[in-house]
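> Quick one: the structure is below, questions incoming.
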Amino acid sequence: MNNKFQEALDLMQPWAHCSSYHALGKATVHFIQTILSFDPEDISRTMEILKESVTVCNRLRKRGTLLYITRLIRGTDYNMYTQEEVHAELCYAECLLLTALLTFIADNSFVNFIKGGLRIRACYRAYKEAAHILENRRWDDEEDKRHYESGVRMG
């Protein structure tokens, strides 16, 4: 059976270091391959790829100390986020979800169970933030909003 995993990875690889969607796509393909094999080496490699994807998404998300302080005082103006920052938030949440699931699969130890639970909690917070963006942002394009909403609802 040929699922064209390598072809998909080859398409995403050139931009996986600078695009949140390509990084997430690469991680998702590796995640699916790992779920199909349950090979410990694949699990370790996929966990590293997921960490790289989270790093890419973090780099593209709206962040900073000043933003954090402003957010505490006035709340967040999601209209100030660029399209790339909005979508990086969503990709970040999806990467956290895959990381949490893989943590449970990697090892059945109590420590990994706790790690997985903490990662699920972080994932929940990220999706909650994505839901706030969906509700409170002025969307210029309805199609963009629909696509974003489908990602939020998936989580």
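The values are calculated or read from the model by the stated rules, or taken from the named source; none is laboratory data. These figures come from a predicted structure and were not determined experimentally. Here Cβ is always computed from backbone atoms with ideal geometry, including for glycine, and neighbour counts include all displayed protein chains.
> Which one is farthest from the chain's Cα centre (by Cα), of the residues in region 87-133 that are β-branched (Val, Ile, Thr) and surrounded by 15 or more Cβ atoms within 10 Å (Cβ to Cβ)?
Keep residues of region 87-133 that are β-branched (Val, Ile, Thr), which gives 99, 103, 105, 111, 114, 120, 133.
Filter once more, keeping what is surrounded by 15 or more Cβ atoms within 10 Å (Cβ to Cβ): 99, 103, 105, 120, 133.
On the way: Thr99: 9, Thr103: 15, Ile105: 18, Ile120: 12, Ile133: 15 Å.
Checked region 87-133; the qualifying residue farthest from the chain's Cα centre (by Cα) is Ile105.
> What number of residues within region 27-50 satisfy the criterion of being within 13 Å of Thr99 (Cβ to Cβ) and either surrounded by 15 or more Cβ atoms within 10 Å (Cβ to Cβ) or modelled with pLDDT under 95 (or both)?
Residues flagged as within 13 Å of Thr99 (Cβ to Cβ) and either surrounded by 15 or more Cβ atoms within 10 Å (Cβ to Cβ) or modelled with pLDDT under 95 (or both) within region 27-50 amount to 10.
> Please enumerate the residues belonging to region 12-24 that are surrounded by 15 or more Cβ atoms within 10 Å (Cβ to Cβ), of a type in the set (A, V, I, L, M, F, W, C) and either closer than 17 Å to Glu85 by Cβ or out of contact with any Lys or Arg (no Cβ under 7 Å at 6 or more places or on another chain) (or both).
Pass one, region 12-24, residues surrounded by 15 or more Cβ atoms within 10 Å (Cβ to Cβ): 12, 15-16, 19-24.
Narrowing the set further to residues that are of a type in the set (A, V, I, L, M, F, W, C) leaves 12, 15-16, 23-24.
Matches in region 12-24: Trp15, Ala23, Leu24.
> Does Arg61 fit the bill of being at pLDDT 95 or above and among the basic types (Lys, Arg)?
Numbers: at pLDDT 95 or above: no; among the basic types (Lys, Arg): yes.
No.
> Taking region 138-149, which residues are farther than 14 Å from Leu90 by Cα and surrounded by 12 or more Cβ atoms within 10 Å (Cβ to Cβ)?
Step one: filter region 138-149 for residues farther than 14 Å from Leu90 by Cα, giving 138-143.
Trp139, the sole residue that qualifies.
> Follow-up. For region 112-155, which residues satisfy the criterion of being acidic (Asp, Glu) and without any contact (Cβ under 8 Å) to a residue 60 or more places away in the chain?
Residues of region 112-155 acidic (Asp, Glu): 129, 135, 140-144, 149.
Within region 112-155, Glu129, Glu135, Asp140, Asp141, Glu142, Glu143, Glu149 meet the criteria.
> Hey, another quick one. Give Ala23, Ala93, Ala88, Ala8 a once-over and let me know the one that is part of a helix (DSSP H, G or I), modelled with pLDDT under 95 and either in contact with a strand residue (DSSP E or B) (Cβ under 6 Å, 6 or more places away or on another chain) or hydrophobic (A, V, I, L, M, F, W, C) (or both). If you could, list the steps in order and put the result at the bottom.
Working: Ala23 fails: modelled with pLDDT under 95; Ala93 fails: modelled with pLDDT under 95; Ala88 fails: modelled with pLDDT under 95.
Selected residue: Ala8, the only one of Ala23, Ala93, Ala88, Ala8 that is part of a helix (DSSP H, G or I), modelled with pLDDT under 95 and either in contact with a strand residue (DSSP E or B) (Cβ under 6 Å, 6 or more places away or on another chain) or hydrophobic (A, V, I, L, M, F, W, C) (or both).
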